[in-house]
Structures are given as structure tokens and as C-alpha cells.
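The values are calculated or read from the model by the stated rules, or taken from the named source; none is laboratory data. Since we're looking at a predicted model, the values are computed, not measured. Ideal geometry is used to build each Cβ from the backbone, glycine not excepted, and the neighbour counts take in all protein chains shown.
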Amino acid sequence: MEAKEENPKFVGFPFKPYSIQIDFMNALYQSLNQGGVSMLESPTGTGKTMSVICSALQWVLDRRLHQEDACANGNVGSVGSDDEPDWIRDFVVNKNPEPKERKKKTENKKEKLLSLLGKPYNNNNKNSRESCKDKTAERGCESLQKRIDVVDSDNKEFLLEEYESEDEKVLGTSVLSKRKTIKTDFSSSSEDEGDDEEEEEEEEKKFKVYFCSRTHSQLSQFIKELRKTVFANEMSVVSLGSRKNLCINEEVQRLGNSTRINERCLELQKKKKKEAIKVKNLKVGAGACRTKASSGCPMLSKHRAQQEFKNEVSEQGPLDIEDLANLGRTMGTCPYYGSRSMVRRADLVVLPYQSLFSKSSREALGLTLKSNIIIIDEAHNLADSLICMYDSKITLLQLETVHHHVERYFVRFRNLLGPANRRYIQTLMVLTRAFLQVLLNEKDGNLIDSCNDIDQASEESRASDFTMAMNDFLFEQNIDNINLVKLLKYIKESNIMHKVSSYGEKLATLEKISTVDNIREHGEEGSCLSAFQALADILLSLTNNDDVGRIIISRSKSTSLKKQSGYIKYVMLSGERIFSKIVDEAHAVVLVGGTLQPIEETRERLFPWLPPNQLHFFSCGHIVPPDSIMPIAVTRGPTGRSFDFSFSSRSSPDMMRELGLLLCNLVTVVPEGIVVFFPSFDYESKVYQNWESSGILERITKRKRVFREPRNNMDVESVLKEYKDTIYTLSGLNSEVNQASHGGAILLAVVGAKISEGINLSDGMGRCIVMVGLPYASPSDIELLERIKHIEGLRNSKLPENPSFSANYDLYSGSVQGGFDILRSCSHRGKEYYENLCMKAVNQSIGRAIRHINDYAAILLVDTRYASDSSKRSFAHPITKLPQWIRDRLVSSSINYGEVHRLLHQFFKLKKTGCH
């Protein structure tokens, strides 16, 4: 077995692997043997996905085989020998449930069976206190029923049930025991409860692999590669996606917005039948008055269809999100809940970042990380992606909506609510009023007075943004004495969100105010339920530790409508605690990507507790030969003008014209497709307008058709398809006559948008990648500046506090110059993060080309800063942060465009000759 672990055989690889693929698979296999955290880097286009699949799943099969052999020989002690890791020993020794747990499961089964037969279940361990509680619950229910009877029949459904939190209960007086915790993202229908019971009987697969990536397209690519291997038939695989991607209810899908789709899905499942029925012999609290739940969604109405869906998925093998949705439509049942119910028995779970990194999502989906393997793809920006998931924001309109609806609800039902409900609702109104005072600039606190200074000093901007530490924010608003944990528990258990929202919708109908029109006018902010959820999210954020996040308060005035707008936002700055919880549970966490360096920044931000010598890092080169890429730093345009796309110079008409002339020359020498990456949508639009008015666009379109990346991600796929069809159609027609001059297309794309992240631009779709300038993030971005200041503090934590960073609150004018001032005041760490953010985006974009060993492309880095003297720069030289395989072949000594044109002509001529 030891020899096998030293030299594993990757028999599942569908074709003969390259040497770097074998190296990568060995490195991953050894990482899984060791456990802990690993980072594996392999350039885009080297078959990284296939290598991950064949190494990780082979390791799982080997481990299970090892375990079965040990159990078959009855030699548990051998598995616990000194050469085995602790986690293997613990797993085998503890593989059987404790006798008490087994007994409890047996009792539960008996109780379920007898209840189905209509017979009572007697448990001798239960004492007389249970019957006492039952009577108390009945009395409480009768009291509640009397109050309900007082309400007119039309409003009965909106009245909250009695509520008491656990620590407020008095012995013998509680009626809360009848209510189970309500999970907002689980169905409350009786059918789903039945599903949960079935799932409890299913055995949780051991050595489960969780593979996650940022986008659904990247996950679909993973499934496509998996189908090529033998593991597709040997492993049980399930893909998880969002409701937006998997919902097949046309009425719900038409809502379009993700938040509204989620809300509508949950609303449909929380619909109840009109007649109330008594449910006795419940596990918690007998004699409770309940309304029998039934799913309002027709796609969840048939339990048998859900079971058939699971069987069909198992038979068909690995399916991606689109496949699951199509199968659900064909069978007339929900693929979202169908796929979720298959997690326990799956060997491999394929899921997006959000589902894995969000604790609430993991709990809702039933993901068990204990002793399992987590593989995180596209991990180059993992730290930022992780903390962004925990941001929360509530706008002024949403605060006004919640406060208005809660206030009206309280006025109507005040005399009918129990004391606990009244107290918590009043607390909610105190909080919303305090938040409103901040945004409406009402003078009732030191913070508000202080912020008037910036309003007067910056009247031109008509905005005032400032940030505060979380505890300072709570103290300033005099809400630090509110127990937010208990309040959030109340919001979750009492179902107040839906009660208040439903009552508000009814009043809106009576007052002839269309909720749909309100949502259409204000977007998702117009929904009371969305607003209430935003409030709950911000309250949850305020329960975090003070040092891991920052509160941003933005107030802006609209001069045209004479209205104020603004928002309160919590920005998480450190993902260390979140990531540590995942690492502590899992056996191994593997970060995979095309460009993971510099790894020290990732280590400091996500797992600083891990000594550098315990981090397993592996990096390999590219499979393409050196003569298949032509990277050039282009410093001058065709007229000799230097390319300077810095923020202060890029918008000059001369600079945009010079870029246009460069494209006019490129279309005469580059065959098939050219992809041009701009720093932002706004700048791309400005350049396009300049070319259109100056006639440059017309000159370009005579040679190649021009496409533009749409802002809406939903439209990207159709644009890419048309771009691809144009390239191969025109190139095919002109292959015999001047193939470079009269065929193909140009795609104007944006760094950080969808095309730059995970889209395959192989072969003719990306014969030349043009990177316009260095896409630095805007230094006026308040969230970016807060992250930079936090990262700067990581290095200087043992030094005296920097006075400019230690104020209770920081004021921002929103100017670019102000952001640059903060960057200049930073030492090496903050500046390095800002530089890394830019170059990671560059590397992701240029990595869209060169997708296989026979691919070839030119890469043009258009800016003098790509070739300038590093000694004259305040930041690190960009070239040092390019991938090694590009850096080794970069031509950066070009003085004029004529030399660039000659190199490109020679490169594509040789490639054309080599292909024939």
C-alpha cells in the first residue's frame, strides 16, 4: 500500500497524460495524503481540470479500498498504526454510531411506525412533566385562539403566534415548545418533512469531495471533463445551483431577479390551507394549533416525481445545472430541491462558492465537511470572493419600507399580541428609527454633528460617505444594549417577515397601490420582504467581531427630486475566521488556479496561523511550446505616440485615436479573432464613441466585424456564439485569398466582466489578445480603500498605530485624488495588494487564449508601464507579476510599432505554414 501511495496509478485519465499533468496529479494526491491546506498552480490550458478529477477521485477510491481491506481483515488496530494519519485512525475507530444514538434512532423508527398505524407510543423514560407541558401548551393555545377570534376573519392569517425565547421561559408556562425552528430557506411543507425523514435513513458517504468554482459555466466545464472519465460511472455525482438557474416554474422565473425568485419560491412553500387542523402527538408540544402545510408550487406537489427525478439523475450520471433544469422540465418536478436531496449519498458534490463558504447555505443544504475533501477552483481571488459573500447592505428606501410596514402592523395588532411579540417588534422599530436618523442626517448625536462638516466642505459632491468600526456605530446610535442574537432568533422563528409583508401587501391592495408597480419602479428595493431580509442581514453582520469588518454610511442628495438617498453597508475585511472553520472541519482543503502567486498574500489573509513550511505549494509550466505564443509589450502606436492609459491620460482624444490606429493595423496582420480588453465598461464606451465619430471604426469593420461585450451577463452567450460563427464563417470563405486581411472579427471586452473570467477563447476565437493599459481598481472606491487599510494593518500590527488610520470614523470625499493620497501613505503591504489586484485581473484576461497544446496566440500588453524602468516606479513592476511562461517569452524592447508589426507578421506566417 505504501508503494502505491508513493507512485499512484492514474488509470482514470482518458488519454496519455503529459509529464506536467502527471506531476500535478502526484502533487494533488500527496496533498490529500497529508491533509491540511495546499495550493496547486497550473496554467490555463494545461488540462488542470482533468488532472484534478483523476487524482482526487483516484485517491478517494484508494482510501475506501484501504478501509474495506482493513475492516475485512478485522484488523482495526492495523489501521490505527503509526504509519497512518490520525484522521484515518479516528475515522475507522469511530465509524459506528454510539449505542445511545442507535437506540434513539430505533425509538424514533418505532414511534413513526406506530403513529402510522394509529397506535400510541409509550416511552417509559418520559416522566409526568411531559403531560404537564402538554396541558400547559393546550391552555396557551386556547388563549391564543381567543385572541385570534377577536380579529376579523380577513386578518386572522396575519396575527403572530405566541412567542418566548428559550431563556425567557418560566417552568410550566411555555407554549413555544410546539414550534420548531423555522428555516427560511427550507420548505415547510409536509412532503418535504417526509423527504427529510428519508434522508436521515440514508448513509452519509465518507471521503466525499466538494468541488467548487466561481461561476456556473466553470462548473459545467468540470462536469463536461468528468464525463470523459471512468469515474462518471463509478461515482455518484450531484451538481448544486441557485434557484435562479434551476427553477422551472415559469411564473416564478418571469420575476427575473434572483432575490425575488428566492422570495417567491419560499412564499409558495409557506402557503397553508385555509382550514386549521389539530395535530397531536407531535415530537415537541402536543395539542398545538397548526395549519397543515402544503406546497403552493406545482413542481413540488408530487413526492413520487421527486423520487423518480433522483433515480433518473443517478442513472444518467454527471449532469450540469442546465441538464438538471432540462430534466426537471421534462419530468415536471423541481430540480433545485431534487438535487439538494441527493447530497448525502453523493461521492462528489459540484457547487458554486456561495453554497460552500456561507455557513447558512451549508446548513440548509446539509453539507458535511468533517473529514472530507474540498477543492476550490479559480482560487486566485479567493480572499476577496470570500469576504464579499458576508457583506450586507440596506438602503434608505428599504429602511423606510420596513419601518412603515412594521409600524402599521404594530398599530393594528398591538392589543392582540403577546408581551414578547410586542417587545421584539418595538425593538425592531427602535433599530430602524436609529438607522434612519443616520441616513436622514438628523442632529441627535455626535456622529451626525461631525458629519455635517463634510457636507458643508464638499457641497459640490452633494454626498457624504464615512466609515466606522462596528462597535463605535452601535454606541453612537445608542443601540449597543440590544441583544441582536436574540432579536435575530425571534425574526427567524416567529415568521414576522412574512406576516408583516403579507399584511402590507393586503393594505396596498385595499389602497389600490400596486406592489408590482412599486417593485418595478424601485427594483427589488420596492419589496417589503426584500427590505426586511436586508435588515436581517445587516443585523446579522453586526454580531461579528469588531475587528473583522467596517460599517460604511453613504448619504447623497438628489437635487432634482429634492430627496435624500443612501445606504448603510457592512463590509467584511478579514476572511480568516470563516476559512479557519472550513479548514478545521475538512481533512484537506486544496486551492487550485492558473495564477495563484503571490501565495504569501493569500496565506496572510486566509490562514496566517499556518507556518509557511506547512503550506504545500506546487507550480508547473505550460504545455505549449515557446514558439506558440508571442507576448509583446507595445509602448508606442503607429504614429509614434507613447501609450499611456493611466487614469489621467487615457481619456484624451489623441490616446483613444492612437489605440484605434493600432487596431486598424492589427486587423491586416492577425487572422481570425482579436479580443481587446478594456479597464471598464465606461472607458470601452468612450473609446467606441471616439472611433465611431472619427471614422476609425469604419476602417476596422472593412476588415473584421466588431462585437461588444454586453453589460448584462445573460446576453453574453449569444454575443459569443455570433462572434464565433462570424470568425469561422468568414475565415473559411477567405482561407484561400489573403486569409489575414478579410476574415474574422474583433471582440471588445472588459476586464473583470464575464468574458475575462472562465470563458474559453481557444483557437480562432483568440488569435490575439490586446490588453489596454493596467486595469487598476478605482482609488475612489471606499470599500477598496478600507480593505487596503486593513491589509496595511496586518503588517504594522506590532507598530504604534498610524494616526491617519485610527480615528473612530473616516470621512471620504469620493475623489480619485483622495484615494491616491491614501495609497501613497501606505507602506509596501497596501500598495502590493493594490498592484496584485490589477495583475491578477490581467493574468485572468490574457489566459483566455492558449487552451491546448496545439493552440497559438499573440498577446499585446499596450502601455509604456509594461516596459518602463522599474527603478522609477513607486509600485512593483507589472512584468514581475506575469505568469512565468509568459514572462520568459516577453518581448519588451520594441521601440516603434513597425517592429511589433514585423514580429506579428512573422509569427502568424510561420504558424500558418506549420498548420499545413
Among the residues that make up the range 330-350, is at least one of them among the polar types (S, T, N, Q), free of Cβ contacts under 8 Å to residues at least 40 places away in the same chain, over 24 Å from Arg214 (Cβ atoms) and crowded, with 23+ Cβ neighbours inside 10 Å?
yes
Going through the range 179-226 one residue at a time, which ones are part of a loop (DSSP other than H, G, I, E, B) and modelled with pLDDT under 50?
Arg179, Lys180, Thr181, Ile182, Lys183, Thr184, Asp185, Phe186, Ser187, Ser188, Ser189
Inspect all residues belonging to the range 817-831 and state whether any of them is at pLDDT 90 or above and either touching a Lys or Arg at 6+ places or on another chain (Cβ under 7 Å) or not small (Gly, Ala, Ser) (or both).
no
Selected residue (criterion: farthest from Ile746 (Cα to Cα)) from residues of the range 781-812 that are in contact with a strand residue (DSSP E or B) (Cβ under 9 Å, 6 or more places away or on another chain) and modelled with pLDDT under 85
Asn808
Under 6 Å by Cβ, and 6 or more places apart or on different chains, what pairs join a residue from the range 825-838 that is under 16 Å from Ile599 (Cα atoms) with one that is modelled with pLDDT of 90 or more and of a type outside the set (Val, Ile, Thr)?
Leu837/Ala777; Cys838/Leu774; Cys838/Pro775; Cys838/Tyr776
Residues in the range 413-426: is at least one under 30 Å from Ser580 (Cα atoms), assigned to a loop (DSSP other than H, G, I, E, B) and modelled with pLDDT under 95?
no
Mind listing just one residue for me: the one in the range 815-853 that is polar (S, T, N, Q) and over 25 Å from Gly45 (Cα atoms) and, of those, surrounded by the fewest Cβ atoms within 10 Å (Cβ to Cβ)?
Gln817
Answer with yes or no whether Leu369 is in contact with a strand residue (DSSP E or B) (Cβ under 8 Å, 6 or more places away or on another chain), surrounded by fewer than 20 Cβ atoms within 10 Å (Cβ to Cβ) and hydrophobic (A, V, I, L, M, F, W, C).
yes
Looking at Ala434 and the list (1) among the aliphatic types (A, V, I, L, M); (2) modelled with pLDDT under 90; (3) closer than 18 Å to His403 by Cβ, which single condition is not satisfied?
(2)
Return the pairs, sorted by first residue and then second, in which the second residue is assigned to a helix (DSSP H, G or I), the first residue lies in the range 899-912 and is within 19 Å of Arg636 (Cβ to Cβ), the beta carbons are less than 7 Å apart, and the residues are 6+ apart or on different chains.
His901/Asn665
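Residue under question is Thr635, and the condition is that it be exposed (fewer than 15 other Cβ atoms within 10 Å of the Cβ), of a type outside the set (A, V, I, L, M, F, W, C) and more than 24 Å from Ile20 (Cβ to Cβ); does it hold?
In short, no.
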With the requirement that a residue be over 17 Å from Ile248 (Cα atoms) and modelled with pLDDT of 80 or more, what does the range 272-306 give you?
Arg304
Take the residues in the range 536-557 that are over 22 Å from Arg605 (Cβ atoms) and touching a strand residue (DSSP E or B) at 6+ places or on another chain (Cβ under 6 Å); name whichever of them is modelled with the lowest pLDDT.
Lys557
Residues of the range 311-322 satisfying the condition of being in a helix (DSSP H, G or I) and in contact with a strand residue (DSSP E or B) (Cβ under 8 Å, 6 or more places away or on another chain):
Val313, Ile321
Within 30 Å of Ile553 (Cβ to Cβ) and out of contact with any strand residue (DSSP E or B) (no Cβ under 6 Å at 6 or more places or on another chain) - does that describe any residue in the range 387-396?
yes
With the range 680-772 as the region, which helices (runs of 4 or more DSSP H) entirely inside it contain at least 1 residues that are closer than 18 Å to Leu860 by Cβ and modelled with pLDDT of 95 or more?
681-694, 696-701
Would you confirm whether or not the range 32-39 contains a residue that is of a type in the set (Gly, Ala, Ser), closer than 22 Å to Lys840 by Cβ, surrounded by 21 or more Cβ atoms within 10 Å (Cβ to Cβ) and under 27 Å from the mean Cα position of the chain (by Cα)?
yes
Mind checking whether some residue in the range 263-271 is modelled with pLDDT under 85 and outside any helix (DSSP H, G or I)?
yes
Within the range 377-402, restricting attention to residues that are over 12 Å from the mean Cα position of the chain (by Cα) and among the β-branched types (Val, Ile, Thr), which residue is surrounded by the most Cβ atoms within 10 Å (Cβ to Cβ)?
Val402
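One line per residue, one yes/no per condition, for (1) in contact (Cβ under 8 Å) with a residue 40 or more places away in the chain; (2) of a type in the set (A, V, I, L, M, F, W, C):
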| residue | (1), (2) |
| --- | --- |
| Leu474 | yes, yes |
| Asp480 | no, no |
| Lys486 | yes, no |
| Glu493 | yes, no |
| His498 | yes, no |
| Ser501 | yes, no |
| Ala508 | no, yes |
What about His616, is it buried (at least 20 other Cβ atoms within 10 Å of the Cβ) and either under 22 Å from the mean Cα position of the chain (by Cα) or closer than 21 Å to Leu28 by Cα (or both)?
no
Assuming Pro298 fulfils every condition listed in (1) under 29 Å from Ala232 (Cβ atoms); (2) surrounded by fewer than 17 Cβ atoms within 10 Å (Cβ to Cβ); (3) touching a residue at least 24 places away in the same chain (Cβ under 8 Å) apart from one, which condition is it?
(1)
Do any residues in the range 743-764 that are assigned by TED's automatic domain parsing to the domain that holds Asp682 and over 24 Å from Lys911 (Cβ atoms) have Cβ atoms under 6 Å from those of residues that are surrounded by 23 or more Cβ atoms within 10 Å (Cβ to Cβ) and of a type in the set (S, T, N, Q), where the two are at least six apart or on different chains, and which pairs are they?
Val751/Ser845; Ser756/Ser845
When the range 328-365 is checked residue by residue, the ones that are of a type outside the set (A, V, I, L, M, F, W, C), outside any helix (DSSP H, G or I) and farther than 20 Å from Lys492 by Cβ are Gly332, Thr333, Ser341, Arg344, Arg345, Asp347, Pro352
